[in-house]
Structures are given as C-alpha cells and as structure tokens.
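Below: the structure, in structure tokens.
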C-alpha cells in the first residue's frame, strides 16, 4: 500500500527495543513536528480553505498523539528530554522544490508530509509486530493505522488541490525514488526514522 522501495531491516527493532526511552522521546518530537507542519501549511497557503480545514483536524490529532507519547514516557518514569534532530526529515526536505509556482511547492510540501507518514507507518508496524512490550505493541498498532490514514490524506489533498497542475502519481514516484536513495543510510540509531 505504501509503495516504499526499501524495507527497514529487523535489526532496527533490536536497536529500538534496547533504547525504548530514546525511541519514545524521538517519537514525541516527531508528533509535535507533524502538528507544526500542518499548521505551517495553513499559514503558508491561505488561499486553500479546504487545506486549512483538513490541516486543523490533522494538527489536533498529531497533538493528541504527542500527548499520548508523553503519557507513555511518564508511565515509564522517563524524562521528556531534549529535542532530537531528524536527519532523515532534513534529507527529505532538500527534495522539496523551492520557488517557482506555488502549486509545485504545495505539492511537494504535501508529498514530503506523506513520505514521513508512510515511513513512520512502516516503522510503527514493525514495532507493533516485534517489540516485546505488549502495551507498546498495541500502542504502535493504533498509531500505525493513524499514520496510514494521514499518508493517504496528504496524497489525496495533493491530487484534489493541485492535480490540474501536475501528475501527482508521477511526482510521488519521484519522491519514492528519492527516499529510497537516502533511507538506506538510516535505521541504525534509536530514532523513529534514524
């Protein structure tokens, strides 16, 4: 369904399981950044009222997820900790077209978000199937479903708002190809995307 061209090796689960505190802290920041990105789309593209309607709901849901991850940290007596940089997301960001027609920039901002949601969905699926902590297994199963829905929401918005401007499926394939060139250097750290 996701179309990702690289499957995360199961070794990443071992890294995650040995460093669950770091995974949860990184995950919390991922949810917070996802909410911020949704809000930035509203601010940067005010000419699309439908985008604003969808992004308001998505930002609220991402903040709920942020709160849920904070609760998991609290239950385990883990401190929230400092923000983690996400080199994977920074690498993806470099593929967004800058300047030019606003439609092209909006398409790429939406596909950028879709790609992050798709990879997060894949990683959450691995956690839901392989982590030894039953509570976190169920937690990540629930969030995997949300990430899949978010991924499709971003793709559908790109098609609905800008499908007249560009072939979205073709551009999505370019994003998948690009992501395949960068993701293989990740999966070795206690980060959701790392």
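Coordinate-derived values only; no laboratory data. All figures in this text were calculated on a predicted structure; none of them were measured in a lab. Positions of Cβ are generated from backbone atoms using ideal geometry, with glycine treated the same way; all protein chains shown enter the neighbour counts.
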The chain - convex hull of alpha carbons, volume per residue in Å³: 108
query: How big is the gap, in Å, between the Cα center of the range 82-142 and the Cα center of the range 148-184?
result: 13
- prompt: So what are the range 98-147's ellipsoid semi-axes, whole angstrom, largest first, if each one is the square root of 5 times an eigenvalue of the alpha-carbon gyration tensor?
  reply: 33, 8, 5
- request: For the range 36-194, calculate the relative contact order in percent as a whole number, restricting contacts to Cα pairs under 8 Å that are 6 or more residues apart.
  value: 23
message: Output the 0 to 90 degree angle, nearest 10, between the alpha-carbon long axis of helix 20-44 and the longest principal axis computed from the alpha carbons of the chain.
response: 20
- prompt: When the helices in the chain are scored as -39500 (n - 2.57) per DSSP H run of 4 or longer and the sum is shared across all residues, what 222 nm value do you end up with, to the nearest 500 deg cm²/dmol?
  reply: -25000 deg cm²/dmol
message: At 25 °C and a viscosity of 0.890 mPa s, what translational diffusion coefficient does Stokes-Einstein give for the range 1-47, taking Rh as the Kirkwood radius over Cα pairs? Give it in µm²/s as a whole number.
response: 184
- line: Assertion target for 101, 171, 109, ordered by fewest C-beta neighbours within 10 angstrom first, is 101, 171, 109
query: Distances over 18 Å make up what percent of all Cα-Cα pairs in the range 20-97?
result: 50
message: Please compute the modelled spin-label separation between residue 83 and residue 57, points set 7 Å along Cα→Cβ, answer in nm with one decimal.
response: 2.9
